[in-house]
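All remarks here apply to the structure that follows.
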Protein chains: 2
Amino acid sequence: MADRPSEFALIAEVFAPLATAPGAFGLTDDAAVLPARAGCDLVVTTDVLVEGVHFLADDPPDSIAKKALRVNLSDLAAKGAEPAGYLLALSLPERIDLNWIEDFARGLGDDQTAFDLPLLGGDTTATPGPLTLAITAMGYVPAGKMIRRAGAMPGDGVFVSGTVGDAGGGLAILKGEGAALGASERAQLTGRYRVPTPRLALGQGLRGIASAALDVSDGLIADLAHIAEVSGVRIVVEAERMPYSAALRALWGDTPKARLRAATSGDDYEIAFTARSDNAVLEAARHAGVPVTRLGRVEAGSGVALLDSGGREITVPRAGFTHF
Amino acid sequence: MADRPSEFALIAEVFAPLATAPGAFGLTDDAAVLPARAGCDLVVTTDVLVEGVHFLADDPPDSIAKKALRVNLSDLAAKGAEPAGYLLALSLPERIDLNWIEDFARGLGDDQTAFDLPLLGGDTTATPGPLTLAITAMGYVPAGKMIRRAGAMPGDGVFVSGTVGDAGGGLAILKGEGAALGASERAQLTGRYRVPTPRLALGQGLRGIASAALDVSDGLIADLAHIAEVSGVRIVVEAERMPYSAALRALWGDTPKARLRAATSGDDYEIAFTARSDNAVLEAARHAGVPVTRLGRVEAGSGVALLDSGGREITVPRAGFTHF
């Protein structure tokens, strides 16, 4: 990049204080070193966020930073991994100024402290297009212990952490729904959309307990369908058991249609998982301090079925499955 | 991403055959596992390429793929690392069709075979902007043995692999220079720009021999200035010793001005390094089958000096230092 050299040098200075690991060399080298941890595998994941697609141009820079980091941390959480560090690839349109970058870096810094992981390295470039950021996150798991999507077995229970649909409600509010909603509910739901909470302690506690897990990004039903597909099983969810927040009830009401909408909303970043032992799950949830709800069961077969209170299958529109 | 689900599912199918490592799970999971290698650290690096900035919209898709992978491999090479795998974050404008993706994936596949590393995972998303791709590459080095930028000492020699300036010549040709140049020279120089060769065997051979190293991406002088800065030394380069290809001579002639232009051209992806022992360097070069040239020496002080044949310092325009 020859076009904005001094600016990029400034940007490097803004990010250097975030490179707190010895192996990051204060961002002065071409690459970083992540020391091996004896007896551990490394779990690696990458997620891209594009302005206008995954966030809005006028979203606060620190919340964009946090969301980008947290969606990656959420992947590590669902896999049972402990965060080790991350790399940041940033493509900046010309209108982004140093103030914006500083606010963005402050968001990263806050979350690095909260979730105990350093910036290891990155790359900054100009783009004639929208702001685009790719984060690659790395974490440690005891060798062979990553919780996979494949592994759900007939007879297992199906579980989810937290509540379902809040982020979808938050996005709906940002798009103009719920004008009559109270300020507290608005803040709660939009906060769930803007800054999700990766369930790291729970994920680590589920190693050896969960037979399959992932984080809910596409929507509960769509994501459980991923588990069903790669595990070669059928997953049955009872709509009534779905954990449904008071704030979302205030926004959407509590009808079968509203619950279906929640079950097909994305961006909650809760952990959905299957496990054989209810007691072991409850113990892990208690230890992590995270509410976990049993939603249903794993059966032989394929696909996901959502049942109403009478045990009848609710038809899920295809859109609930095809988010990507 | 809800807008092009079936297309993204197809894309996943195109990339799945590249995910040859057991820990990539055929791209069916949220994350990949990279098993620790006993006694090794992991070296990690990320580079972004943006259409219109780092490559042209009508460049062949397979050469875009190769360049993206190779600029990352070149970082691993300069650090002495052995490739372990990579992640790909791809932001696709709507006009990119499946044929393009297939050609792109073929380029990746060819280079995975050539350089022996698997795709571990990735993320694909839509973008309203230019095609943007971020690759994160990972490699193994014996613990503590990564070759750093910091480490050059007064009395060391200064070296570079291959020839200098060819990629700059290739870019000049693509922009319209050298209309009278022969087809063979054109192909050689544009090939150096489009598809660089990461010097992996040489880099691994330089572990314990090079005191500092990096790959030449910004330009020889600018990159040596990075070594000088973080090592706290002065680097002196004799322009006449700079390895200068016959093809580049045919394009630019061999004047001090042409050599200065070569020394300040980017994208060669050769390894520039410092080392105490000329003999050890020559032995490593012979073993790797890569030509290496001694360019000059490390002294006490700061900055980079380019000397003409009379030992006078050639003034390097500031642009030669401020590429980023």
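Values in this text are rule-based calculations from the coordinates and carry no lab data. Just so it is clear, the structure is predicted and the values come from calculations on it, not from any experiment. So basically every Cβ, Gly included, is an ideal-geometry build from the backbone, and we count neighbours across all protein chains shown.
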| query | Nearest-to-axis residue of chain B, judged by Cβ, for the B-to-A rotation, with distance in whole Å? | reply | B:Gly129, 1
| task | Using Cα centres only, tell me the gap between the range A:65-108 and the range A:225-273 in whole Å. | result | 27 Å
| task | Tell me the distances, shortest first, between B:Glu299 and the same position across the other copies, using label points 7 Å along Cα→Cβ, in nm to one decimal. | result | 8.3
| task | Give me the distance in nm between label points sitting 7 Å out from Cα along the Cα-to-Cβ direction at A:Met153 and B:Asp116, one decimal. | result | 3.8 nm
| request: Residues in the range B:83-106, backbone N under 14 Å from the label point at B:Ala57 (7 Å along the Cα-to-beta-carbon vector): list them, ranges by number please. | output: B:93-97
| request: Note down the Stokes-Einstein diffusion coefficient of the range A:180-277 in µm²/s, whole number, using a Kirkwood radius over alpha carbon pairs, 37 °C, and 0.692 mPa s. | output: 223 µm²/s
| query | Ranked by Cβ crowding within 10 angstrom, fewest neighbours first, how are A:Asp97, A:Asp41, A:Asp29, B:Asp278 ordered? | reply | A:Asp97, B:Asp278, A:Asp41, A:Asp29
| Simple label model, 7 Å out from Cα along Cβ direction - B:Lys257 to B:Glu229, nm | 2.9 nm
| Label zone at A:Ala38 (point 7 Å along Cα-to-Cβ), backbone N below 18 Å, the range A:137-163 | A:140-144
| message | Label position 7 Å from Cα toward Cβ: report the copy-to-copy distances for A:Ala180 in nm, one decimal, ordered from shortest. | response | 8.2
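For B:Lys145, A:Lys67, what's the fewest-to-most ordering of other Cβ within 10 Å of each Cβ?
Lowest count first: B:Lys145, A:Lys67.
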| query | Sorted from fewest to most neighbouring beta carbons within 10 Å, what does the list A:Ser309, A:Ser217 look like? | reply | A:Ser309, A:Ser217
| query | At a Förster radius of 41 Å, what calculated FRET efficiency corresponds to the Cβ-Cβ distance of B:Ala246 and A:Glu13, to the nearest 0.05? | reply | 0.45
| note | Taking R0 as 35 Å and r as the Cβ-Cβ distance between B:Leu174 and A:Arg106, the FRET efficiency 1/(1 + (r/R0)^6), rounded to the nearest 0.05, comes to 0.30
| note | Expressed as a whole-number percentage, the relative contact order of the range B:105-246 with C-alpha contacts under 8 angstrom and at least six residues apart is 34 percent
| remark: Of all C-alpha pairs within chain B, those more than 36 angstrom apart amount in percent to 22 percent
